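A quick write-up on the structure given underneath.
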Amino acid sequence: MHDAFIIIALFSLLQIEINVPFIAAVLTVVGYSINDTIVTFDRMRENVNKEKEINSFERLAHIVNKSLLQVITRSINTVLTVLFASLALFIFGGEAIRSFSLALVIGLVAGTYSSMFLCAQMWLVWEWKRLKKIKSKPPKQPEEEYI
């Protein structure tokens, strides 16, 4: 939702017409962003599973940082490839495709930023709260059988 909102907000501020190619660009950006977020979260899950015990927020933050460093090259290369093509379409393309390419450029930048820097940090905070909650629960007592 973040990425789509950024695109729509900028188009609204710039008072650019919203048309069918614009909608296609928003949906394309949402797809790229979801894919990028899934790749990042999957890498974080793999790195968390490799750890024996996570006993501090700093340790969990280290795992997130390590995961981001492992996927950042892939994410930037993917986005730059599409970004160059979108910029070429914006500069050399016709008027009919200009809103599509502009929305892609804006959305790809916002999507990469949100996948790498917003979603990962939100997951870090939520996961730490979940781990603290699990640790604070008392062990479950076995239930007695009544005959």
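The values are calculated or read from the model by the stated rules, or taken from the named source; none is laboratory data. Quick caveat: nothing in here was measured; it's all calculated off a predicted structure. Cβ atoms come from the backbone with ideal geometry, glycine included; neighbour counts cover every protein chain shown.
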Return the residue satisfying two criteria in turn: it lies in the stretch 49-74 and is under 12 Å from Leu124 (Cβ atoms) and touching a residue at least 40 places away in the same chain (Cβ under 8 Å), and of such residues it is surrounded by the most Cβ atoms within 10 Å (Cβ to Cβ). Ser67
When you look at Ser33, is it within 18 Å of His2 (Cβ to Cβ), at pLDDT 90 or above and among the polar types (S, T, N, Q), yes or no? no
Count, please, the residues in the stretch 95-115 that happen to be of a type outside the set (Lys, Arg), in contact with a Pro (Cβ under 9 Å, 6 or more places away or on another chain) and surrounded by fewer than 19 Cβ atoms within 10 Å (Cβ to Cβ). 2
Please determine whether any residue of the stretch 41-62 is of a type outside the set (Val, Ile, Thr), more than 30 Å from Arg130 (Cα to Cα) and either in contact with a Cys (Cβ under 7 Å, 6 or more places away or on another chain) or modelled with pLDDT of 90 or more (or both). no
